[in-house]
1. If R₀ is 35 angstrom, what is the calculated FRET efficiency for the pair SER115 and THR11, using the beta carbon separation as r and rounding to 0.05?
2. Work out how much length GLU101 to GLU19 would gain on full extension: take 0.36 nm times their residue separation and subtract the Cα-Cα distance, in nm to one decimal.
3. Would you please give the residues with an amide H less than 5 Å from that of ASN45, counting only those at least 5 places away or on a separate chain, with H modeled from the backbone geometry?
4. What ³J(HN,Hα) values, in whole Hz, does the Karplus curve 6.51 cos²θ - 1.76 cosθ + 1.60 give for region 97-103 when θ = phi - 60°, with x put for Gly and Pro?
5. Under 5 Å between amide hydrogens, which residues at least 5 positions from SER40 or on another chain qualify, with H placed 1.01 Å from N in the peptide plane?
6. Quick one: which residues, 5 or more positions from TRP98 or on another chain, have an amide H under 5 Å from its amide H? H modelled 1.01 Å from N in the peptide plane, none for Pro or chain starts.
7. From the phi angles alone, apply the Karplus equation (6.51, -1.76, 1.60; θ = phi - 60°) to region 84-91 and give each ³J(HN,Hα) in whole Hz, x where the residue is Gly or Pro.
Amino acid sequence: FEDISAEVSLTRQFRADLEMFQAILDAVPAAIAVFQADGSMIGANEGYGRLWGQDPQILAQMPHLNQASGEWASRCKPSGVWGDIRQFVGHEVARAPWVEEIETTEGLRLAVRMSPARGRATVIQFLPLDISVAKTARSPS
């Protein structure tokens, strides 16, 4: 018999590391989604689900960029940024990071930050610009 205990231990450590990195992403106040060049979503944090009203089960199915950007556009005031995002993700334009301001139909102002990532991926961040929304109440010490 082959001793696979080292391999099992390594697999457990890898899973623990993945869970830790997901917890770190979930602690970030920005809504974050990561897309491959073909438009497939490969990850998102809890902030993304909260901002866009996405059920965790739907996020687990990893919606395509076309579906996600359609949802974003329907919940925001008109903007040309959605086509720019699709072009950036699809590598149809220069891949230098950029930021654009958008506003939801409820009046929440957001900065959309696009940045390239390894493996032809793209990280999209939605950051609240209104301090009252971005602030989290601190518990008394």
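Here, each number is a calculation from the coordinates, and none is a lab measurement. Given the structure is predicted, the values throughout are model-derived calculations rather than measurements. Reconstructed Cβ throughout: ideal geometry from the backbone, glycine too, with neighbour counts over all protein chains shown.
1. Values: r = 31 Å, r/R0 = 0.88.
The computed FRET efficiency comes out at 0.70.
2. Details: separation 82, 0.36 × 82 = 29.52 nm, distance 3.15 nm.
Answer, rounded to one decimal: 26.4 nm.
3. Those qualifying (amide H under 5 Å, at least 5 residues apart or on another chain) are ILE32.
4. x, 8, 10, 9, 8, 10, 9
5. The list, which skips near neighbours in sequence, is LEU65.
6. MET114
7. So the J values, rounded to whole Hz, are 4, 5, 4, 5, 5, 4, x, 6.
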